[in-house]
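Engineer: Got a structure for you, questions after.
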Amino acid sequence: MDSESIKTEVIRQVRTQYAIDNAKQLIEKINEHCFERCVLKPGPSLSSSEQTCFTQCMEKYMAAWNQVSSTSISRLQREN
Amino acid sequence: MDNLSLDTADLEKLNEKDKTELRQFLQNENQKARIQATVHSLADVCFKKCITGMIKNGKLDKTEENCMVNCAERFFDISTLTMKHLQNIRQS
């Protein structure tokens, strides 16, 4: 392999790794918060209302995450 | 995902120009990762504080949205305040 393609490969692997880590953290937090909020009394299976709550909670968490993300980025840009 | 495996021998084949570019790339990615870590922890804390009612739909309502923005902004205020106060302690 030449220098150029090694560089490209390093960049690709680093980006993939960061994306995986990011997704893992998000999934972990969604599970934690939404399980707490939606599965109040764990029964023998997930009820359909629990599933609905969970999906909505998941979407809400991602919306909240995006809001925090854009707020943080604009704040950091203002301060630097 | 087919990861082409790279080893140290491959990395030694990098020329100076590509090495410099990679260093810059890694610095940028590191900074992005630090910001992202803050966002993860803020989303965690602020979700707990702001989304307190029954979850009836997947969107943030206006109140929740404002609360998330304020929560993040106030957290940054607090971390600035901490630094200022620590400086004051050190100087007195």
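Engineer: For region B:14-91, compute Rh as the Kirkwood radius over C-alpha pairs and then the Stokes-Einstein diffusion coefficient at 25 °C and 0.890 mPa s; write the answer in µm²/s, rounded to an integer.
Structural biologist: Details: Rh = 15.8 Å.
The calculation lands on 155 µm²/s.
Engineer: Right, something else. How many Å² of accessible surface get buried when A and B come together, counting both sides, probe radius 1.4 Å, rounded to the nearest 100? Walk me through the intermediate numbers first.
Structural biologist: On the way: alone 7070 and 8720 Å², together 11690 Å².
Summed over both sides, the interface buries about 4100 Å².
Engineer: For the protein assembly as shown, give the percent of accessible area contributed by carbon and sulfur heavy atoms, probe 1.4 Å, rounded to a whole number.
Structural biologist: Accessible surface attributable to carbon and sulfur in the protein assembly as shown totals 56 percent.
Engineer: Hey, what do the phi angles of region A:29-45 turn into as Karplus ³J(HN,Hα) couplings, whole Hz, using 6.51/-1.76/1.60 and θ = phi - 60°, x for Gly and Pro?
Structural biologist: Taking θ as phi minus 60°, the curve returns 5, 4, 4, 4, 5, 7, 5, 4, 7, 9, 9, 6, 10, x, x, x, 8 Hz for region A:29-45.
Engineer: How much accessible area per residue does region B:14-91 have, counting only protein heavy atoms and a probe of 1.4 Å, in square angstrom?
Structural biologist: Per-residue accessible area for region B:14-91 comes out at 69 Å².
Engineer: Moving on to the next point. When the label point is put 7 Å from the Cα of residue A:32 along its Cα-to-beta-carbon vector, which residues of region A:1-21 have a backbone N closer than 16 Å?
Structural biologist: A:21
Engineer: Kindly identify residues of region A:37-80 having a loss of at least 30 Å² in accessible area between the isolated chain and the assembly of all protein chains, probe radius 1.4 Å.
Structural biologist: Output list: A:37, A:56, A:60, A:61, A:64, A:65, A:67, A:68, A:71, A:72, A:75, A:76.
Engineer: Let me ask another. Checking a compactness column here: for the protein assembly as shown, what do you get for Rg(Cα) / (2.2 N^0.38 Å), N being the number of residues? Intermediate results must be reported in sequence, preceding the final value.
Structural biologist: Working: Rg = 21.3 Å, N = 172, 2.2 N^0.38 = 15.6 Å.
After normalising by residue count via 2.2 N^0.38 Å, the value is 1.37.
Engineer: A further question on this structure: Which one of B:77, B:44, B:18 has the biggest mean-square fluctuation once chain B is modelled by GNM with Cα springs under 10 Å?
Structural biologist: B:18
Engineer: Which FRET efficiency, nearest 0.05, do residue A:55 and residue A:78 yield, Cβ-Cβ r, R0 35 Å?
Structural biologist: 0.50
The values are calculated or read from the model by the stated rules, or taken from the named source; none is laboratory data. Only a predicted model underlies this, so the values are computations on that prediction, with no experimental measurement involved. Neighbour counts run over all protein chains shown; Cβ positions are idealised from the backbone, glycine included. Note: accessible area is taken over every heavy atom of the protein model, side chains too, but ligands, DNA and RNA are not part of it. Shrake-Rupley method; radii C 1.70, N 1.55, O 1.52, S 1.80 Å.
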